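Q: Sending over a structure as structure tokens; questions will come in a sec.
The values are calculated or read from the model by the stated rules, or taken from the named source; none is laboratory data. Model, not experiment: these values are computed from the prediction. Cβ: placed from backbone, ideal geometry, glycine included. Neighbour counts: every protein chain shown.
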């Protein structure tokens, strides 16, 4: 039970603080993008060194799916992790709405905006970007957690990697790579983001499955 409570709390904190920074500062400027990317990365670092020894600090269904596909996690436990993460994200989004006094903007992901070069972000672009970024993120997690001697730097490596993928993905989709972080704000925020939320569930899951298979059949077997 402690593992599931930890995943609930960790995902709640991630959604409240990181999405909160995106909402309060905005991502319309370079400074806003950097601040939001750092917020997501720093929350992961903080949670990794606080709840990591309890649950492994997945706080992301894509990470749990990657762990399951790679053989590092049982299906039953994976499902319980995902339920805990979604509930935690819903709690974090609700708290964010209370803190900012509105549920109109909770940092939900979406596509269809314009890139700095004036190109419109299409559905295909959003799917490809989210799949690739999730693959990179989950592959990093699977690799860095594979050796016990990496334990003292694991949280930092994972946090920096999440910051990195956010720097690339924020202008495109706002960066999800985390179905719970996307689903919860979309449900409570509603509007045009809700019909688009499936993209930020499907693409990260596909990316995590590919990462899990890549780890299992390439990285692990090459040792």
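Q: Within the stretch 193-200, does at least one residue satisfy the condition of being touching a helix residue (DSSP H, G or I) at 6+ places or on another chain (Cβ under 9 Å) and either at positive phi or assigned to a loop (DSSP other than H, G, I, E, B) (or both)?
A: Yes, the stretch 193-200 contains at least one residue that is touching a helix residue (DSSP H, G or I) at 6+ places or on another chain (Cβ under 9 Å) and either at positive phi or assigned to a loop (DSSP other than H, G, I, E, B) (or both).
Q: Right, here's the next one. Given (1) part of a helix (DSSP H, G or I); (2) crowded, with 24+ Cβ neighbours inside 10 Å; (3) without any contact (Cβ under 8 Å) to a residue 60 or more places away in the chain, where does residue 79 come up short, assuming only one miss?
A: Unmet for residue 79, out of (1) part of a helix (DSSP H, G or I); (2) crowded, with 24+ Cβ neighbours inside 10 Å; (3) without any contact (Cβ under 8 Å) to a residue 60 or more places away in the chain: (2).
Q: Additional query: Might you check whether a residue that is on the phi < 0 side of the Ramachandran plot, surrounded by fewer than 22 Cβ atoms within 10 Å (Cβ to Cβ), in contact (Cβ under 8 Å) with a residue 12 or more places away in the chain and not in a helix (DSSP H, G or I) occurs anywhere in the stretch 25-33?
A: Yes, there is a match, as at least one residue in the stretch 25-33 is on the phi < 0 side of the Ramachandran plot, surrounded by fewer than 22 Cβ atoms within 10 Å (Cβ to Cβ), in contact (Cβ under 8 Å) with a residue 12 or more places away in the chain and not in a helix (DSSP H, G or I).
Q: Check 143, 159 and return the single one that is over 21 Å from residue 14 (Cβ atoms), surrounded by 16 or more Cβ atoms within 10 Å (Cβ to Cβ) and either within 18 Å of the chain's Cα centre (by Cα) or modelled with pLDDT of 95 or more (or both).
A: None of the other options fit; the residue is 143.
Q: If you check residue 53 against the conditions, is it closer than 26 Å to residue 187 by Cα, part of a helix (DSSP H, G or I) and without any contact (Cβ under 8 Å) to a residue 24 or more places away in the chain?
A: Spelling it out, it is not the case that residue 53 is closer than 26 Å to residue 187 by Cα, part of a helix (DSSP H, G or I) and without any contact (Cβ under 8 Å) to a residue 24 or more places away in the chain.
Q: Name every residue in the stretch 94-140 that is surrounded by fewer than 22 Cβ atoms within 10 Å (Cβ to Cβ) and at positive phi, in order of residue number.
A: 101, 112, 118
Q: Could you run through the stretch 105-122 and say how many residues are in contact with a helix residue (DSSP H, G or I) (Cβ under 7 Å, 6 or more places away or on another chain) and closer than 19 Å to residue 192 by Cβ?
A: Counting residues in the stretch 105-122 that are in contact with a helix residue (DSSP H, G or I) (Cβ under 7 Å, 6 or more places away or on another chain) and closer than 19 Å to residue 192 by Cβ gives 9.
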